[in-house]
Amino acid sequence: MITNQPYRCGYVALIGRPNVGKSTLLNHLLGQKISITSRKPQTTRHQILGIKTTPEAQIIYVDTPGLHGQAKRAMNRYMNRAASSALEGVDVVLFVVEALQWTEDDELVLERIRQSGAPIILVVNKVDKLEDKATLLPFLQTLSGKFTFGDVIPVSALKGDNLAQLETLIRAHLGETSPQYPEDQVTDRSVRFMAAEIIREKLMRRLGQELPYDLTVEIEQFKEEKGLTRINALIWVDRTNQKAIVIGKKGERLKAVGQEARKDIEKLLDGKVYLELWVKVKAGWSDDERALHSLGYHNDFE
């Protein structure tokens, strides 16, 4: 496609409290899965770049953990730092909120992004869940009274509603410059990282409310052989009783997680995968800065 418009490129931070749908929004904007999702808050723990390249623009999205006020543990403080640092040097901020929901954490997020000085697009997500659409306008008016947003747009990330219009608004804020990444690159993260995240997603979805956030996944071996990738992954939990929960009766839960994760990793790698999962206990890892660092929670954004 030939266009007379100048090429645009820039960074876009997705910011919001936990569970407003930031990762789902990113995946649907990109047209492919980059960030893991679940119904549980605080599924996203890292900054993740999602890169969308078109003939008109390269939009570099920065997905972030949900900002939250109760940051008692080292893990929560890490996630808040990861989210806050994403505001530095971006061209525009997408402030994602849930339709008809406004909490103290939303207020906290607004205060943080207000200080960034970047243009802010208010993205009101999950409008597909509204039984009465007439309730949306008063909500939008209330939020517009809290801050002068550059734009306000209701969307459904899950259904894809209004996402094309959102991208048009985003492009208007980007500078006229050449792309920063190759056109076929969609993320800054390695396949090793993505494999660990896929396993963690399957765990969070399978475990429901049984296990809070005291688990993480570490790839111990990632070996590419002829026509096969061998992956050994360690699932770290905080307490001994959690190990039994993850493994499940006669090992059935861990087996199901492994099967689901393997299928998704095979799609990611476009090839056969042999996946082995082991569960180990590392007491207090989620509230230990050194343990977090050793498990891949680096402050590389600072």
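The values are calculated or read from the model by the stated rules, or taken from the named source; none is laboratory data. Keep in mind it's a predicted model, so treat the numbers as computed, not measured. FYI the Cβ positions are ideal-geometry reconstructions off the backbone, even for glycines, and counts take in every protein chain you see. SASA here: full protein model, heavy atoms, side chains in, ligands and nucleic acids out. Shrake-Rupley method; radii C 1.70, N 1.55, O 1.52, S 1.80 Å.
Okay, here's what the table says:
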quantity	calculated
Candidate set from the stretch 1-19 (those that are within 13 Å of the chain's Cα centre (by Cα) and not polar (S, T, N, Q)); member that is modelled with the lowest pLDDT	PRO18
Residues that are in contact with a Ser or Thr (Cβ under 8 Å, 6 or more places away or on another chain), of a type outside the set (A, V, I, L, M, F, W, C) and open to solvent by 30 Å² or more (accessible area, probe 1.4 Å), drawn from the stretch 272-291	LYS272, TYR274
Single condition SER178 does not satisfy, out of (1) surrounded by fewer than 17 Cβ atoms within 10 Å (Cβ to Cβ); (2) of a type in the set (Gly, Ala, Ser); (3) in a strand (DSSP E or B)	(3)
Selection within the stretch 210-240 - free of Cβ contacts under 8 Å to residues at least 12 places away in the same chain and farther than 21 Å from LEU269 by Cβ	PRO212
Whichever residue in the stretch 33-67 is of a type outside the set (A, V, I, L, M, F, W, C) and over 13 Å from the mean Cα position of the chain (by Cα) and, among such residues, is least open to solvent (accessible area, probe 1.4 Å)	GLN58
Matching residues, the stretch 251-276, being modelled with pLDDT of 95 or more, more than 24 Å from the chain's Cα centre (by Cα) and of a type in the set (Lys, Arg)	LYS255, LYS272
Within the stretch 268-302, tally of residues that are of a type outside the set (A, V, I, L, M), in contact (Cβ under 8 Å) with a residue 24 or more places away in the chain and not in a loop (DSSP other than H, G, I, E, B)	9
Options ILE113, ILE198, ILE121, ILE153; residue that is in contact (Cβ under 8 Å) with a residue 40 or more places away in the chain, buried (at least 17 other Cβ atoms within 10 Å of the Cβ), in a strand (DSSP E or B) and out of contact with any Cys (no Cβ under 8 Å at 6 or more places or on another chain)	ILE121
Residue list for the stretch 201-231, filter: assigned to a loop (DSSP other than H, G, I, E, B) and either at pLDDT 95 or above or within 22 Å of ALA74 (Cα to Cα) (or both)	GLN209, GLU210, LEU211, PRO212, TYR213, ASP214
Leading residue by the ranking (most open to solvent (accessible area, probe 1.4 Å)) among those in the stretch 156-174 that are part of a helix (DSSP H, G or I) and touching a strand residue (DSSP E or B) at 6+ places or on another chain (Cβ under 9 Å)	GLN165
Any hit, the stretch 20-28, residues being in a loop (DSSP other than H, G, I, E, B), in contact with a Gly (Cβ under 8 Å, 6 or more places away or on another chain), at pLDDT 85 or above and not hydroxyl-bearing (Ser, Thr, Tyr)	yes
Condition met for LEU234 (modelled with pLDDT of 90 or more and in contact with a helix residue (DSSP H, G or I) (Cβ under 9 Å, 6 or more places away or on another chain))	no
Residues located in the stretch 68-79, provided they are open to solvent by 20 Å² or more (accessible area, probe 1.4 Å) and assigned to a helix (DSSP H, G or I)	ARG77
Contacts under 7 angstrom Cβ, first residue in the stretch 250-267 being in contact (Cβ under 8 Å) with a residue 40 or more places away in the chain and on the phi < 0 side of the Ramachandran plot, partner part of a helix (DSSP H, G or I) and open to solvent by 40 Å² or more (accessible area, probe 1.4 Å), 6 or more apart	ARG253/ARG206; ARG253/ILE247; ALA256/ARG206; VAL257/ARG206
Test: residue in the stretch 87-102 that is in contact (Cβ under 8 Å) with a residue 12 or more places away in the chain, open to solvent by 10 Å² or more (accessible area, probe 1.4 Å) and assigned to a strand (DSSP E or B)	yes
